[in-house]
Every structure is written in structure tokens, then in C-alpha cells.
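Undergrad: There's a structure below that I have some questions on.
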């Protein structure tokens, strides 16, 4: 009987997954780039964040660089807003007589708190004028939402958190006066925490007071690589491309079930669990056109290979059947256009617009981040504080299409207690406002 309840505890977790616009990639590692809505990340001649976005741009052809060291310390504060509303979520269980019944659940506003995203970049250009070394610390992927125990989507998630730390080590080489190349490796550490409620199959109507709780948490690391090139087609036109490989992060941790009572109490407990996060490959192609001595136009196309994420498969240490959840992710892309006006030697102004697809699809989109396509509107400025230091500022407002949630979660499958929850809702008028600042210093 103990083995039956252990197996049952592994089946009852309707495991919350992750979702995002361009996935959970945090494309906000540079105040310079945010000011242009992401246009020019692969081609900017002055941004130390090129250590991550495209090392070849650290020695952009046609640009004179002084030998020495430069570093950038920055932070972006993301302020998300969303209103999640129930559109008729239902449950079917032995307690409802197997009839499909609405269950009580509240809406929820703003499940994500304002979040700082820091970054640090270091660039050293050698005296030969043709070689540069660089490193960067960023949080390249992330996700965080916390809901009340009473909200309507609790059987999908009550909390989701994914935190990452990415260390990039890069090098660049100017091959000719018109061509530079670069590349490097990435080491990424991830820490995840996914929680949800478990319905009581005996309740006539499932409520938060009778729910149990499930929690899957763990951490792990992975390694990837990236390469890029920058080409000066003419003195006024530059073209650059960058590719970052996909990365597999092996996550090890625990799966815990708590709060079940009565006949289900034996299912409470903790078991070791492992899974793998298959991060997407990414590629960017950008152009920069000097329309005049003071005005530069940037355009960029980015692609994200989210389809490689595939199913999220959790393996349990006691040998029970894997927990498998299809993500339904598809590849996504984004296009951006930005302007940069060098108003004077000490002041530069920026603006941009960006449109991003979402990799999520109907029928798989969940409550952890009920995502839709988004549009960015941005502005930024750089102020030279001294001969060696510059302050970069940026403001971004991203507006999302409404995210429709319509998914089914099954619990206690293969037993007489089988319960099905249909979560139906919408995230209305979601948005993210970002404030960015960075300090660049040349030693």
C-alpha cells in the first residue's frame, strides 16, 4: 500500500512550466541597447555588452580603439503589470460525481514584483590594435510569479521562479580593416522553484482550504558557445551577425507533496527529482547605417530556437514513471529598429521600436507567464561624465497582446481518484516597464 501512495504522489503533480514572449530570455543586459529597442546589440561599436551579444563588435572594423581596459556596471529594473481573470475554470472528480463543476477562485493582479537585473562587463584591448579579451556576468534567463492560494489558476501554479547567472568569456580579432570576428563560451547556473495546489478528489467543490501542495525545486549548470562577425561594407554601412548555441542545463532537486489528508496523507513526502532545461539557440543579424555624421540608423532581426525545449520531463529517484509535460513551444523571432543621435560630444540620444513573437501556443499556454506577442517602445541617452566615464540611461515600455489560458491538468491519474481541472482565463493588458542605467569607465 505504501508503494501505491508513493506512486500516487508522483502522478498528482500537475507540474507548472515556464513561458515567455521570446521565451524567458531577458534581452535587457545593456542600457545602450534598450534605448534602441534591442536594435544594434550585435553591432554597437561602443557597448561593452558586446562581450555577450557579439564579441566581434568589440573591435568593430573601421573604428579606432585605444589599448587598455574598459568596464561597465549596470542594472535594469523591470516593473511588470498584468490582470489575470477567470473565464470559467472547472473541475471533475469523484467528489463532484465526475460532473464538470466550476470551482471558486479569485483573479489576481501583478503577480511579479519589480525586479532588478544587474550586469557587469569587462573588456581589455591589446596594444596590437587587433585583439580584445572580455568577460561578462548577466542574468540571461529569468521568470518569477507568486499568486495567492485562493486564485483560480492555483492547480497550475502558485509560484514559479527561475533565476540564472551567466558567465561569458569572449575574445575578438580584427582580421582586416573591414572584418572582425569573435567568439567565446558561456557557463550558466540555474535555480528553479515551481509550486502548485493539489485538489481534494473527495471535495464536492475543490477549495483552497482542502487543497494539498506540490513543490518541485532544484538547480544545475550547463555550458554553451557563441560566435560572431562584423563587416564594414562601406564607411557608412556595417553588417554584423551572431550565433549562440543552445544549452542543456541538468537540474537536480526534490519533488515534495504536503497537506494531503485522510486516505491521501500517505502520499505526502519528498523524493529526489531531475530534469533538463534545454535553452534555445539564438541568432542575430544587424545593420547600422550612418545617415549623417550625427545620426545612425540600426535595424536587427533576432531568432530564438525555442522548439528545442520540447517536453519537460521529470525523472524521480524512486524509479516511478517520469512526469512529462509538453511545452508546445515553437521557434520565435523579433525585429527592431533604432535611432541614435550624437547631439554633441557629451550627449547622445536614442529611440526605438521592437516587435516580438511568442513561442507559446494555444492549448499549452499556462499561468506561470501567460504570454503573448509584444511591442517595445523605448528611449535612452548617454551623458559623458568625464573624459573616461559615461552614464547610460534607458526607458522601455513593452505592451503584450492578451494571453489566453485554456489548459487541462490531470491529478491522481490511473487511480479511482482521477481528477481533471480545466483552467480557463486571460491575462488582460499585460505590460513591462523597464528603467535602465549603466556606468561605463575606461581605465
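Only the coordinates and a few stated rules stand behind these numbers; no lab work does. Everything numeric in this text was worked out from a predicted model, so none of it was measured. Here Cβ is always computed from backbone atoms with ideal geometry, including for glycine, and neighbour counts include all displayed protein chains.
Undergrad: Label-point separation (nm) for residue 293 and residue 439, each offset 7 Å from Cα along Cα-to-Cβ?
TA: 3.3
Undergrad: A further question follows. Taking R0 as 30 Å, what's the FRET efficiency between residue 345 and residue 73 from their Cβ-Cβ distance, rounded to 0.05?
TA: On the way: r = 23 Å, r/R0 = 0.76.
The calculated FRET efficiency here is 0.85.
Undergrad: Something else now. Helix 2-11 versus the longest principal axis of the chain: what is the Cα-based angle in degrees, 0 to 90, to the nearest 10?
TA: 40
Undergrad: Still on this model: Starting with the fewest neighbours, write out 103, 65 ranked by other beta-carbon atoms found within 10 Å of each beta-carbon.
TA: 65, 103
Undergrad: Follow-up. Normalising by the residue count of region 169-328, find the relative contact order in percent from Cα pairs under 8 Å and 6+ residues apart. Before the final figure, lay out the partial values.
TA: Numbers: 375 pairs, mean separation 27.5, N = 160.
It comes to 17 percent, rounded to a whole number.
Undergrad: How high is the relative contact order of region 115-154, in percent, counting Cα pairs under 8 Å that sit 6 or more residues apart?
TA: Over region 115-154, the number comes to 33 percent.
Undergrad: Cut-off is 10 Å between beta-carbons; in what order do 429, 145 appear when sorted fewest neighbours first?
TA: With the sparsest Cβ surroundings first, the list reads 429, 145.
Undergrad: Then there is this: How much length, in nm to one decimal, is gained on full extension between residue 167 and residue 109, taken as 0.36 nm per residue of separation minus their Cα-Cα distance? If you can, show how the numbers build up before the last one.
TA: On the way: separation 58, 0.36 × 58 = 20.88 nm, distance 3.41 nm.
Between residue 167 and residue 109, full extension yields an extra 17.5 nm.
Undergrad: Can you figure out the FRET efficiency of residue 250 with residue 361, using R₀ = 30 Å and their beta-carbon distance, to the nearest 0.05? Working shown, then result.
TA: Values: r = 26 Å, r/R0 = 0.87.
Efficiency, rounded to the nearest 0.05: 0.70.
Undergrad: If I model a spin label at residue 383 and residue 130 as a point 7 Å from the Cα along the Cα→Cβ vector, what separation in nanometres do I get?
TA: 4.1
Undergrad: I need 399, 225, 279 ordered by Cβ neighbour count within 10 Å, fewest first.
TA: 225, 399, 279
Undergrad: Quote the relative contact order of region 250-387 in percent (integer), defining contacts as alpha-carbon pairs under 8 Å separated by 6+ residues.
TA: Dividing the mean separation by the residue count of region 250-387 yields 18 percent.
Undergrad: Sticking with this structure for a sec: Using r as the Cβ-Cβ distance of residue 401 and residue 221, and R0 as 45 Å, what FRET efficiency do you calculate, to the nearest 0.05?
TA: Given R0 = 45 Å and the Cβ-Cβ separation, E is 0.85.
Undergrad: Same structure again: Can you compute the modelled spin-label distance between residue 313 and residue 205, with each label point 7 Å from Cα toward Cβ, in nm?
TA: About 4.2 nm, to one decimal.
Undergrad: Who wins for biggest fluctuation among 290, 240, 134 in a Gaussian network model of the chain, springs between alpha carbons below 10 Å?
TA: 290
Undergrad: Helix-derived [θ] at 222 nm for the chain: sum -39500 (n - 2.57) over DSSP H runs of at least 4, divide by residue count, nearest 500?
TA: The helix contribution divided over the chain gives -1000 deg cm²/dmol.
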